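Trainee: If you scroll down you'll find the structure; I have some questions about it.
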Amino acid sequence: MQTNAIESVLFDVSQSFQWPIMVLVLLVFGYSLMKLGAFLVEGVNRLRYPNQVLVLPGDETYSLESLELIVLRELEGLRLCSRIAPMLGLVATMIPLGPALIAISSGHSGSTANNLGAAFAAVIVALVAASITFAIHTVRRRWLLQELNQLLGSR
């Protein structure tokens, strides 16, 4: 009897996360698109002005440690997004599975398709967001390390 109450509470708690997770998936996707636009603009600027420091401050008042922190701050959001988005997608997929399994056992296959359709759409959007941010993170990391190397070489 007590086990059923615990399972019921856990089921209800897990279902309460469905909409917040879906909203987070949309926010992560929006963030990845925003960063993709900024990345493309930065890429064009890097093609126009090769071998120029575009992001890091060029004055000598910044120490090496300060410049490294700036690089980390520039990349932090991309890194977090590329790692968190797949987890959000997994959670968005798992939450509707409970009601889908209940619907299958009750013989309501129509509601099963609706529940799983939204779940798989969310995981696809989350994985696309993670892919975009991972690619941007990788390239921007190289760009920023090249800038850091240029600044240190000119001192």
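The values are calculated or read from the model by the stated rules, or taken from the named source; none is laboratory data. Treat the numbers as computed from the prediction; the structure is a model and nothing was measured. Note that each Cβ is placed from the backbone with ideal geometry, even for glycine, and that neighbours are counted across all protein chains shown. Side chains included, ligands, DNA and RNA excluded: accessible areas come from the protein's heavy atoms. Shrake-Rupley method; radii C 1.70, N 1.55, O 1.52, S 1.80 Å.
Trainee: How many residues are over 20 Å from the mean Cα position of the chain (by Cα) and among the small types (Gly, Ala, Ser) when one looks only at segment 97-155?
Mentor: Residues flagged as over 20 Å from the mean Cα position of the chain (by Cα) and among the small types (Gly, Ala, Ser) within segment 97-155 amount to 13.
Trainee: Could we say that Val28 is farther than 29 Å from Trp143 by Cα, out of contact with any Asp or Glu (no Cβ under 7 Å at 6 or more places or on another chain) and modelled with pLDDT of 90 or more here?
Mentor: Answer is no for this residue.
Trainee: Okay, next question. Considering only segment 1-33, state which residues are under 12 Å from the mean Cα position of the chain (by Cα) and either open to solvent by 80 Å² or more (accessible area, probe 1.4 Å) or at positive phi (or both).
Mentor: Hits for segment 1-33 are Leu26, Leu27, Leu33.
Trainee: Is it true that some residue in segment 24-33 is in contact with a helix residue (DSSP H, G or I) (Cβ under 7 Å, 6 or more places away or on another chain) and either of a type in the set (D, E, K, R) or more than 19 Å from Val125 (Cβ to Cβ) (or both)?
Mentor: no
Trainee: Checking the structure you have, find out if any residue of segment 113-124 is touching a Pro at 6+ places or on another chain (Cβ under 6 Å) and of a type in the set (S, T, N, Q).
Mentor: yes
Trainee: May I pose another question? Can you list residue pairs whose Cβ atoms sit under 6 Å apart, with the first residue in segment 31-52 being of a type in the set (A, V, I, L, M) and the second being modelled with pLDDT of 95 or more and part of a helix (DSSP H, G or I)? Count only pairs 6 or more apart in sequence or on different chains.
Mentor: Final answer for the pair search is Leu36/Ile132.
Trainee: Let me ask something else. Restricting to helices (runs of 4 or more DSSP H) lying wholly in segment 51-155: which have 2 or more residues that are at pLDDT 95 or above and open to solvent by less than 30 Å² (accessible area, probe 1.4 Å)?
Mentor: Filter on segment 51-155 gives 64-94, 109-153.
Trainee: Given the structure, is Ala38 farther than 18 Å from Trp143 by Cβ and either part of a helix (DSSP H, G or I) or among the β-branched types (Val, Ile, Thr) (or both)?
Mentor: No.
Trainee: Restricting attention to segment 35-50, which residues are of a type in the set (A, V, I, L, M) and exposed (fewer than 11 other Cβ atoms within 10 Å of the Cβ)?
Mentor: Val41, Val44, Leu47
Trainee: Using beta carbons and a limit of 9 Å, which pairs, at least six apart or on different chains, have the first residue in segment 83-99 and over 28 Å from Ile136 (Cα atoms) and the second one of a type in the set (A, V, I, L, M, F, W, C) and not in a helix (DSSP H, G or I)?
Mentor: Qualifying pairs under 9 Å: Ile95/Phe17.
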